[in-house]
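The values are calculated or read from the model by the stated rules, or taken from the named source; none is laboratory data. Note that the structure is a prediction, hence the values are computed from the model and not measured. Here the Cβ positions follow ideal geometry from the backbone for every residue, glycine too, while neighbour counts run over all protein chains shown. Heads up: the accessible areas ignore ligands, DNA and RNA and are worked out on the full protein's heavy atoms, side chains in. Shrake-Rupley method; radii C 1.70, N 1.55, O 1.52, S 1.80 Å.
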Amino acid sequence: MLKLRPLTAAVLLTLAAAMPALAGEVEVLHYWTSGGEAKSVAELKKIMQAKGHSWKDFAVAGGGGDNAATVLKSRVVAGNPPSAAQIKGPAIQEWAREGVLANLDAVAKAEKWDSLLPKVVADVMKYQGSYVAAPVNVHRVNWVWANPAVLKKAGVATMPKTYEEFFAAADKIKAAGLIPLAHGGQSWQDLTVFEDVVLGIGGAKFYADAFVKLDPKAFASDTMKKSLETFRKLKAYTDPGAAGRDWNLATAMVMQGKAGFQFMGDWAKGEFLAAGKAPGKDFLCAATPGTANAFSFNIDSIAMFKLKSADAQKAQADLAAAIMSTEFQEVFNLNKGSIPARLNLKMDKFDDCAKTSGKDFVETAKTGSLVPSLAHDMAANPAVEGALKDAVSQFWNNDKMSVAAAMKNIAAAAATK
Ligand code: BGC
């Protein structure tokens, strides 16, 4: 069974407000509540409504989706699943193993999903060879966002490519009286930054040894030690208000010129765009230090739950087809900051950050440096990911904890069964 996190009051309220799905209606559980996210999901709603279905929005606030996962679990256990939910990575297989997910093979075969999706994407959507989820996008996690006006004011000429360059730039921003690194101290955001650091310091193979293979040797290595030291050093460049801050508020700090940089996946670009900011002019994107030749991927996907009514099943099939349509994949991803999951879509409407992402996704798949994001549910099962999240945040939050103690905790978390 999936690991349950304690229910927060907000989660319980949302749960209480949720009603069972009606026939012909699609109730979709997701956590896309920020400006850019809400604009993106509104496009799916429009398409479904145009097909004559009614859309019941079941949005559970909370970046990274931990709250949504908790609510979903309660709904399924209560025998009242939504029609569809945003579920990603190995959690898709866990839910499928429970026998609660609907088989999407009929629509997938009719629409030839196998030939439309990169294998690495299709594999995540399948359980025992059958499609049980539909992908909406590919997010890249290893991005750093910057405000060019802040960099200019501080005398930083280029986006940092190494940690040495990053810390030199951060010192200049600090000296200019601004916050070098906008951060939200929530465990999924801490882990997002940490995985960027591990990828940058250790490279893709080391990253995969640690976070995919969960190899104890990787957790005991000097590379892990160096990663933790670098991660701790980053904290000194965040502001005291970081604790508990939502990710989009950290993005807003960069937007407003209060902070120089933010390490965040490209859903942050959705925020910049929703606020009318132009890439290359009002904000800059670059791979996080040391990761220009690697790509940590995060695929958002919608899984459908087994429902009895024929109308509900028809609505689910239509939802799956809508998600894979070229029309939706383009407009959703233009808003979301990600790139389409479907192959061979025209990218001419996309900006340079997305074009880089598209090119790097293909290249890194060839070179073996395409890695699944741990913080975004793609690399490990939910229990291991949750344990690693907690261990990494404990270190981030406790300046007195030694690197050696953190290494022990993190290795123990990785060994969670
Ligand atoms: C999801 C994104 C979402 C972000 C912030 C990530 O895990 O993949 O779709 O925008 O969390 O909530």
**Report entry** At R0 = 35 Å, FRET efficiency that the Cβ-Cβ distance of Arg97 and Glu363 yields, to 0.05
**Finding:** 0.55
Query raised in the report: Taking Cα atoms, how many degrees apart are the long axis of helix 403-414 and the longest axis of the chain, rounded to 10 and kept between 0 and 90?
Result: 10
**Report entry** Rounded accessible area per residue of segment 79-184, 1.4 Å, Å²
**Finding:** 39
Report summary line: Rounded to one decimal in nm, the spacing of the 7 Å Cα→Cβ label points at Leu343 and Ala78 is 4.3
Report summary line: With Cα springs under 10 Å, the Gaussian network model of the chain assigns the largest mean-square fluctuation among Asn80, Asn248, Asn298 to Asn80
Query raised in the report: Quick one: what Rg and Dmax do you get for the chain from the alpha carbons, in Å?
Result: 20.6, 64
Report task. Measure nothing fancy, just the Cα-based angle from helix 222-235's long axis to the longest principal axis of the chain, in degrees from 0 to 90, nearest 10. Result -> 90
Report summary line: Rounded to two decimals, the Debye log10 I(q)/I(0) of segment 160-223 (Cα scatterers, no solvent) at q = 0.19, 0.29 Å⁻¹ is -0.84, -1.16
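Take the solvent-accessible surface of the protein heavy atoms, probe 1.4 Å, and return the percent of it on the chain that carbon and sulfur atoms account for.
The value for the chain is 57 percent carbon and sulfur by accessible area.
Starting from 0.36 nm per residue, how many nanometres of slack lie between Ala383 and Asp352 once their C-alpha separation is accounted for?
Working: separation 31, 0.36 × 31 = 11.16 nm, distance 3.65 nm.
7.5 nm is the gain from fully extending Ala383 to Asp352.
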Query raised in the report: segment 218-289: which trypsin sites (Lys or Arg not before Pro) are DSSP loop and have at most 11 other beta-carbon atoms within 10 angstrom?
Result: Lys281
Report task. Calculate for the chain the 222 nm mean residue ellipticity that helices alone would give, adding -39,500 (n - 2.57) per DSSP H run of length 4 or more and normalising by residue count, nearest 500 deg cm²/dmol. Result -> -15500 deg cm²/dmol
Requested in this report: Mind putting a number on the dipole of the chain about its Cα centre? Charges go on the C-beta only, +1 for Lys and Arg and -1 for Asp and Glu, and I need it in Debye to the nearest 20.
Outcome: 260
Requested in this report: Would you work out if segment 272-417 is rounded, prolate or oblate? Take a ≥ b ≥ c from the square roots of the eigenvalues of the alpha-carbon gyration tensor; rounded if a/c is under 1.5, else prolate when a/b is larger than b/c, oblate otherwise.
Outcome: oblate
Query raised in the report: Helix 35-50 versus the longest principal axis of the chain: what angle, 0 to 90°, nearest 10, using Cα atoms?
Result: 20
Query - Built amide H within the under 5 Å cut-off of Ser296, gap 5+ - result: Val141, Asn142, Val371
Requested in this report: For Lys153, list the lysines whose Cα falls under 24 Å from its own Cα; do not include residues on the same chain fewer than 8 positions away.
Outcome: Lys161, Lys172, Lys174, Lys233, Lys235, Lys258, Lys269, Lys277, Lys281
Requested in this report: Please give the contour-minus-distance gain from Ala415 to Ser54: 0.36 nm per residue of separation, less the Cα-Cα distance, rounded to one decimal in nm.
Outcome: 125.5 nm
Query raised in the report: Averaged per residue, what accessible surface does segment 308-417 expose to a 1.4 Å probe, in Å²?
Result: 44
Query raised in the report: trypsin sites (Lys or Arg not before Pro), restricted to segment 39-114: which are DSSP loop and have at most 15 other Cβ atoms within 10 Å?
Result: Lys51, Lys112
Requested in this report: Can you bin segment 108-257 into rounded, prolate or oblate? Criterion: square roots of the alpha carbon gyration tensor eigenvalues sorted a ≥ b ≥ c, rounded for a/c under 1.5, prolate for a/b above b/c, oblate for the rest.
Outcome: prolate
**Report entry** Those residues of segment 267-307 whose amide nitrogen sits under 16 Å from the label point placed on Val212, 7 Å along Cα→Cβ
**Finding:** 293-299
